[in-house]
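J.: Quick one: the structure is below, and I'll ask about it shortly.
The values are calculated or read from the model by the stated rules, or taken from the named source; none is laboratory data. Since this is a predicted model, take the numbers as computed values, not measurements. Note that we place each Cβ from the backbone using ideal geometry, even for glycine, and neighbour counts take in every protein chain shown. Note: accessible area is taken over every heavy atom of the protein model, side chains too, but ligands, DNA and RNA are not part of it. Shrake-Rupley method; radii C 1.70, N 1.55, O 1.52, S 1.80 Å.
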Amino acid sequence: MGTENPGHPNPLIGSPFAAAPPPTATPFSASGPVVGSEAPGSRPPAQPPQNTMLSMSSGSVAGTQASGFRPYNPPTRFNGPSVTSSSTAYVPPTSGPPFQRYPTPQFPSVHQAPPAQAPPIGQPPFQPPAGQLPSPASFHLQPQVPVAPMGSPPSRLNSPQLSSDSSSFASRMNFQPSFPHMDSSYSAARATLQPSLPGYVKQANAISQASPLTPFQAQQGGYAAPTPPPPPSFLPQEGGFAQPPPVGTPFGLHSRDQIQHPGSAPPIGGIQGLAEDFSSLSLGSVPGSIDSGLDPKALPRPLDGDVEPNSLGDSYPMNCNPRYLRLTTSAVPSSQSLLSRWHFPLGAVVCPLAEAPDGEEVPVINFVSTGIIRCRRCRTYVNPYVTFTDSGRKWCCNICALLNEVPGDYFAQLDATGRRIDLDQRPELTKGSVEFVAPTEYMVRPPMPPLYFFLIDVSVSAVRSGMIEVVAQTIKSCLDELPGYPRTQVGFITFDSTIHFYNMKSSLTQPQMMVVSDLDDIFVPLPDDLRVNLSESRSVVEAFLDSLPSMFQENVNVESALGPAVKATFMIMSQLGGKLMIFQNTLPSLGVGRLKLRGDDPRVYGTDKEHTLRIPEDLFYKNMAAECTKYQIGVNVYTFSDKYTDIASLGALAKYSGGQIYHYPSFQSATHGEKLRHELARDLTRETAWEAVMRIRCGKGVRFTSYHGNFMLRSTDLLALPAVDCDKAYGAQLSLEETLLTSKTVYFQVVLLYTASCGERRIRIHTAAVPVVADLGEMYRHADTGAIVSLFARLAIEKSLSYKLEDARSSVQLRIVKALREYRNLYAMQHRLGGRMIYPEPLKFLPLYGLALCKSAALRGGYADVQLDDRCAAGFTMMALPVKKMLKLLYPSLVRVDEYLLKPSAQANGFENIMKRLPLTIESLDSRGLYVYDDGFRFVVWFGRMFSPDAALNLLGQDATVEFSKVALGKHDTEMSRKLMGLLKKLRDSDPSYYQLCNLVRQGEQPREGYLLLTNLVEDQIGGASGYSDWMVQIHRQVQQSA
C-alpha cells in the first residue's frame, strides 16, 4: 500500500473512507435553465414549419454559427467541406450520402446547362418568375452592405467568438429572400408530381436538388415550381432537378451534398448562401395519419461499432490514447452559462490499465538519480505539456502555472525553439501515457505479493450443478500462469452450514481440513498456515484441488453460511490484502449476513418502494466491502443459482471493493462450464494492479465532482482500488469552479499508483489537453457518443437504485430531448428548419444508443420482463464496462454467415468482409439464412425456418433434428463446421474479457427465440417499448414542442 502524496500518507487503519456524497433528489436530472432559454444576447424565436409535412434531412456541411455576420475567411472545420466562395462556378458534387446504407433508385437527370455566371456588379440579380419558388419571407436588397457570408469562422481552437447581439440580428433579418406568395392551386397539384415507383424504396434524396433561384437553398419538403422550369443558367445538381416528393412520401437520410451546396447558386446582392453545419432527418406524413413517414432504412446505425474519437489528434498529438481517457466532449465550456446549455454529462470515462493499442507499449521510466519530477504545489507529474524556461533551469507546470526548479541531474540545454535537446530520450516529455517506477517514499509498507483467496460454496446445489469440479479444474490449470511467481500466495475456504479451513503448509503431503461450526463467534485456526506461498506448497495445493470435487460428492447440506465465511476470510487476508473470489450457489441462510426471499411481489413494481428491491437488504455486505477496501482486499463474486440469491445485496461486496460480478443463472457444468472456465482463467491470469489508488487532476477552474463505478472513495477525489485490471473503467463528472475560464486550454492528468505483480511500486500517468471554447456548437462538434452513452448508463443505473425504472428510462430520453432542443435553437434563425430533426454529426447514433439503454436488461420493462437477480447483475456489470464493451452490449452485432459457410474455402472472403453488420430488426432476418448475434457476452446462432437441412446436418450432425435447447454447438468433421467454429473463435479472440457461450435457436421455436433474440432486437417494438422509428418521432415531437 502506498500513498500518492508521500508527505501525506494514508493510514491503513481507522476509517479514512469518506462516504460518497448522498445523491440529490434528482441525481440524473439535467442541470441548467429550462430548455429554450436564451443565450446571451437576443434570439428570435424559431421559425414555424413552412407546411404540414414534417421534414427532418441529413448532411453536415461546414456551417454557420448563431453569432451574426463575420468577415469572410475560408472556413477550416474539423469535419466537413469548406464553404466555397460565391464567385466560384458551381461544380456538381460526386460524393454519395455518407449515411446511406441501402441502395436508392437512380432517376434520370433532366436539363443540363452551362455553368453559372455571376451577374455583373451593379446589375440586378436574376429574379425568378412569379410563383416559381414561393416563400413567405421578405427580402430587401441593400447594395451598400459588403459581402459577408454567414458561414462559420476558421476553426482556430481558441479564436474569440463574436456575440449574437441585437444589431447582428437586425442586419441578418434584412437579408431574407422575397418571393411571391404560393399559388393556392399549387398544393393540390403537388401530391401528383412524383408517383412512387414499384419496387423502389420511397426516398426523395435521389432526386432532390438545391434550388437554382436563391443562395438560401431549398430545403427538402420546401416549395418548388409545379412544372419543370426552363433550363437554368448553371449546372443542375447530379441527379437532375425535380419537384419535391408528394406529401406522405417517407423522407430518407440525406447527405450534406444533397441538402446544401454553398456557392452553387448565383449570388444575390453578393451574399453567400448559408451552409448547414448539422445532420438532419426528414419526416413526411399526411395530417391525421398514424404513419410518421420516416423511412426506417434511412435511420443512422452504428454498424461499424465504436470508433475512437480523434478530433484533437492534429492539435494535441501528445495526448494519451482515447482508450485510457475519453471525454464526453473534447471542448470544455468557458463559462457556467454555456455549461448550463450543455445538457449531456460533462465528464470522462477512465480505463487506466486498458490494453495498449497494437504495436504500442506504455514506457516504464525509472528516475533513479533525480527522483520523480513533480510540481511542488499541485503535485502534477512532469508531462509533454510542461514548458522549460531560463535556459532549461526551470519548468512551468501546465496545471497550476508554477515555475519549478529543474534538478541538476535532469537538466538539459534548450535549442533555438525552446525545446530540450534530449527530448527524444525523454518519453515522459513526448508521450501522453507513461509509467514511473516509484521510490520508497511512495510506500507505507513493502509492496505486497499477489494473493488469491478462494471462498467456495459446497452446499448440495453447488455439488449437483458441477460448479465445484469446474472451479477446481480451472484453478489447477492456471497455477503456472498466476502473476507474481515466485511471490504468489493462495488460500482456500469452503462452506455450507459450517466453515472448512485448509492447512496447506509446505511440510504436509495432504491438506488438513478444520471445521468450525460456531457461526456466531467465528475464529480462525492456524491463521499463518491458511494462506501459503504457491511455489513452496504447490504439491499440497494440487492435491487439494484434485480431491475437492469428490470431497463433498455426498453432501446434502442445503444451508449457506456465507456471511461468517466472509468474516473468517477477511481475518486471514487482512494482514496482506489481495483478491477474494467468492463462488456462491445458495441464498445465504445462516449467521450474520443471512438474507431472505424478496422481490416476488409484483405489486411493489411501479410504486415508490420498487427501488428497494435493487439495493442491499442487509448493510453487512456493504460494511464488509468497506473493511476489505481498507485492508487492500478486492472481491469478485461468482453466482450460479437457479433460484433467487439476492445479488443486490451480495453485489455490494464487489461494488465497494473495486471488484466485479460474474452471473451464471441456472448453471450446469455441461452447458455453462466452458464460459466459467474461460472467464475464471482470465480473472486469474490477467495483469492486475494491487493496492491501488487513483486521482484525476485538472487545470485551473475545473474539477471532477462525482465518480461512478466500482470503487470506494477514500477522500473527495481519491479512489481506492484494491485490485484493478484492464477490464474495468470508471466514470467521472466535471464541474466548473469559476464563472468564466480565462485559460485557452484545460489539462487532465489521470494518475494510478499501484503495486505491480512483480513487486514494483509504479505510477501510471495519462495526460490530455483539450481546448476551452465559448461556442456551444463547438462542444457538440467535439462530442463523443461513446463516452456520453457510458456515463448515461452509469447515471441511469444509479438512478434506478433510488427511483422507479420508468423514471430512470425517462431521464435518458429527457436529457437527449433537452440537448437536441438546445442544439436546434442554435440554427433556428439561420435555416428554414421546418419540421426537420437536426442533430450534431458526431451524435447521430446517440438516440439509438439511448433507446438501447432503455431496453437493456438493467432498465427495461418491469417485474415480468427481467428476473430481479439478472437485472441487478446486469447493472453491476455495466457500471464497470469500458466504452467499447458498453456500446457492443447496447447495440450488438448481427451478421449473416450462411453464404460464407456454403462457399468453398478457396472462394470465401476474408473475415472482415463477412462481418458486415445488419440492423437489429426482424426485417434483417431471412428465413433461408443462418445468423450470428454477438453482444460480447453470448452468441445466438439463429437458424431460419427454410435453412438448408443438409447444411444444418453438416453443422450439427444428428442433433440437427433435436430441440435446440438440448443441443450444444460442437466441432464436427465437416468443412462448414470447421469454418463456423473458426469464425466464432475469431470473434471471441477479438475481445477476451468475457466468453460468449453459444445458444442455438430455430426460427419459430418459442419461447426460446423470443427471450434469446427477439427481445434483443432493439430497433423493433417489443411489448410496451418503442421501436427505433417511433422513438425518433417521440424525441422529435418533444424537441419541437418548445423549440
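J.: State yes or no: is VAL772 farther than 30 Å from MET443 by Cα and open to solvent by less than 10 Å² (accessible area, probe 1.4 Å)?
T.: no
J.: Taking the range 595-609 only, how many residues are farther than 22 Å from ALA561 by Cα and open to solvent by less than 60 Å² (accessible area, probe 1.4 Å)?
T.: The number of residues fulfilling the criteria is 5.
J.: What number of residues in the range 306-344 are outside any loop (DSSP other than H, G, I, E, B) and closer than 20 Å to LEU881 by Cβ?
T.: Number satisfying all stated conditions: 3.
Listed here are the residues, each with its yes/no results for (1) within 22 Å of GLN749 (Cβ to Cβ); (2) surrounded by 22 or more Cβ atoms within 10 Å (Cβ to Cβ).
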| site | (1), (2) |
| --- | --- |
| ILE765 | yes, yes |
| SER790 | yes, yes |
| LYS799 | no, yes |
| LYS804 | no, no |
| ASP807 | no, no |
| GLN813 | no, no |
| ILE816 | no, yes |
| ALA819 | no, yes |
| MET837 | no, yes |
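J.: With respect to ALA732, determine if the residue is part of a strand (DSSP E or B) and aliphatic (A, V, I, L, M).
T.: Yes: the conditions hold for ALA732.
J.: Just one of the numbered conditions (1) under 24 Å from the mean Cα position of the chain (by Cα); (2) open to solvent by 40 Å² or more (accessible area, probe 1.4 Å); (3) over 30 Å from PRO882 (Cβ atoms) is not true of HIS1036; which one?
T.: Just one mismatch for HIS1036, condition (2).
J.: Determine whether the range 318-329 contains at least one residue that is over 26 Å from TYR730 (Cβ atoms) and in contact (Cβ under 8 Å) with a residue 40 or more places away in the chain.
T.: No: the range 318-329 contains no residue that is over 26 Å from TYR730 (Cβ atoms) and in contact (Cβ under 8 Å) with a residue 40 or more places away in the chain.
J.: Could you tell me how many of the residues in the range 864-882 are within 21 Å of TYR933 (Cα to Cα) and open to solvent by 10 Å² or more (accessible area, probe 1.4 Å)?
T.: Number satisfying all stated conditions: 6.
J.: Condition test on TYR863, is it more than 23 Å from ILE788 (Cβ to Cβ), part of a helix (DSSP H, G or I), modelled with pLDDT under 95 and not acidic (Asp, Glu)?
T.: Against the criterion (more than 23 Å from ILE788 (Cβ to Cβ), part of a helix (DSSP H, G or I), modelled with pLDDT under 95 and not acidic (Asp, Glu)), TYR863 does not qualify.
J.: Inside the range 525-536, can you point out the residues that are open to solvent by less than 40 Å² (accessible area, probe 1.4 Å) and free of Cβ contacts under 8 Å to residues at least 40 places away in the same chain?
T.: PRO525, ASP529
J.: I'd like to know if the range 588-600 contains one or more residues that are in a helix (DSSP H, G or I) and either under 24 Å from SER802 (Cβ atoms) or in contact with a Pro (Cβ under 7 Å, 6 or more places away or on another chain) (or both).
T.: No.
J.: What's the number of the condition CYS378 fails, among (1) farther than 25 Å from LYS744 by Cβ; (2) open to solvent by 20 Å² or more (accessible area, probe 1.4 Å)?
T.: (1)
J.: Check TYR605, TYR631 and return the single one that is hydroxyl-bearing (Ser, Thr, Tyr) and more than 28 Å from ARG809 (Cα to Cα).
T.: Going through TYR605, TYR631 in turn, just one is hydroxyl-bearing (Ser, Thr, Tyr) and more than 28 Å from ARG809 (Cα to Cα): TYR631.
J.: Another question, then. Going by what's in this entry, would ALA908 be described as open to solvent by 10 Å² or more (accessible area, probe 1.4 Å), hydrophobic (A, V, I, L, M, F, W, C) and at pLDDT 90 or above? Please lay out each step first, then the result.
T.: Values: open to solvent by 10 Å² or more (accessible area, probe 1.4 Å): yes; hydrophobic (A, V, I, L, M, F, W, C): yes; at pLDDT 90 or above: no.
So ALA908 fails the test.
J.: What are the residues in the range 934-957 that are within 21 Å of PRO665 (Cβ to Cβ) and open to solvent by 10 Å² or more (accessible area, probe 1.4 Å), if any?
T.: Step one: of the range 934-957, the residues within 21 Å of PRO665 (Cβ to Cβ) are 934-941.
ASP935, PHE937, ARG938 - these are the residues of the range 934-957 that are within 21 Å of PRO665 (Cβ to Cβ) and open to solvent by 10 Å² or more (accessible area, probe 1.4 Å).
J.: If I ask for residues that are surrounded by 15 or more Cβ atoms within 10 Å (Cβ to Cβ), of a type outside the set (Gly, Ala, Ser) and more than 39 Å from the chain's Cα centre (by Cα), which ones from the range 385-425 would you list?
T.: Correct list: VAL406, TYR410, PHE411, LEU414.
J.: On to the next question. Only residues that are small (Gly, Ala, Ser) and either open to solvent by 40 Å² or more (accessible area, probe 1.4 Å) or under 23 Å from SER459 (Cα atoms) (or both): list them for the range 610-644, please.
T.: Residue satisfying the conditions is SER641 alone.
J.: Take LYS986 and tell me if it is open to solvent by 60 Å² or more (accessible area, probe 1.4 Å), closer than 30 Å to CYS726 by Cα and either in contact with a Gly (Cβ under 8 Å, 6 or more places away or on another chain) or at pLDDT below 95 (or both).
T.: Details: open to solvent by 60 Å² or more (accessible area, probe 1.4 Å): yes; closer than 30 Å to CYS726 by Cα: yes; either in contact with a Gly (Cβ under 8 Å, 6 or more places away or on another chain) or at pLDDT below 95 (or both): yes.
So LYS986 passes the test.
J.: Let me ask another. Pick out the one residue from ALA331, ALA348, ALA401 that is touching a Lys or Arg at 6+ places or on another chain (Cβ under 8 Å), more than 28 Å from ARG781 (Cα to Cα) and small (Gly, Ala, Ser). Talk me through it step by step, then tell me what you get.
T.: Numbers: ALA331 fails: more than 28 Å from ARG781 (Cα to Cα); ALA348 fails: more than 28 Å from ARG781 (Cα to Cα).
The conditions single out ALA401.
J.: Another question about this same structure. Scan the range 501-524 for residues that are open to solvent by less than 80 Å² (accessible area, probe 1.4 Å), in a loop (DSSP other than H, G, I, E, B) and among the polar types (S, T, N, Q) and jot them down. Let's see the steps before the verdict.
T.: Going residue by residue through the range 501-524, those that are open to solvent by less than 80 Å² (accessible area, probe 1.4 Å) are 501-504, 506, 508, 511, 514, 516, 518-519, 522, 524.
From what's left, in a loop (DSSP other than H, G, I, E, B): 504, 506, 508, 511, 518-519, 522, 524.
The one that is open to solvent by less than 80 Å² (accessible area, probe 1.4 Å), in a loop (DSSP other than H, G, I, E, B) and among the polar types (S, T, N, Q): SER506.
J.: Give me the pairs, please: first residue somewhere in the range 388-401 and at positive phi, second residue anywhere and open to solvent by less than 60 Å² (accessible area, probe 1.4 Å) and outside any strand (DSSP E or B), beta-carbon distance under 8 Å, and either six or more positions apart or on two chains.
T.: GLY392/VAL406; GLY392/ALA412
J.: Ok, one more. Could you check how many residues of the range 328-362 are open to solvent by less than 20 Å² (accessible area, probe 1.4 Å) and under 19 Å from VAL812 (Cα atoms)?
T.: 10
J.: Would you please name the residue that is most open to solvent (accessible area, probe 1.4 Å), looking only at residues in the range 544-580 that are among the hydroxyl-bearing types (Ser, Thr, Tyr) and free of Cβ contacts under 8 Å to residues at least 60 places away in the same chain?
T.: The qualifying residue most open to solvent (accessible area, probe 1.4 Å) is SER550.
J.: Just to check your reading of the model, which residue among LEU1017, LEU1013 is within 27 Å of LEU281 (Cα to Cα) and crowded, with 19+ Cβ neighbours inside 10 Å?
T.: Only one candidate qualifies: LEU1017.
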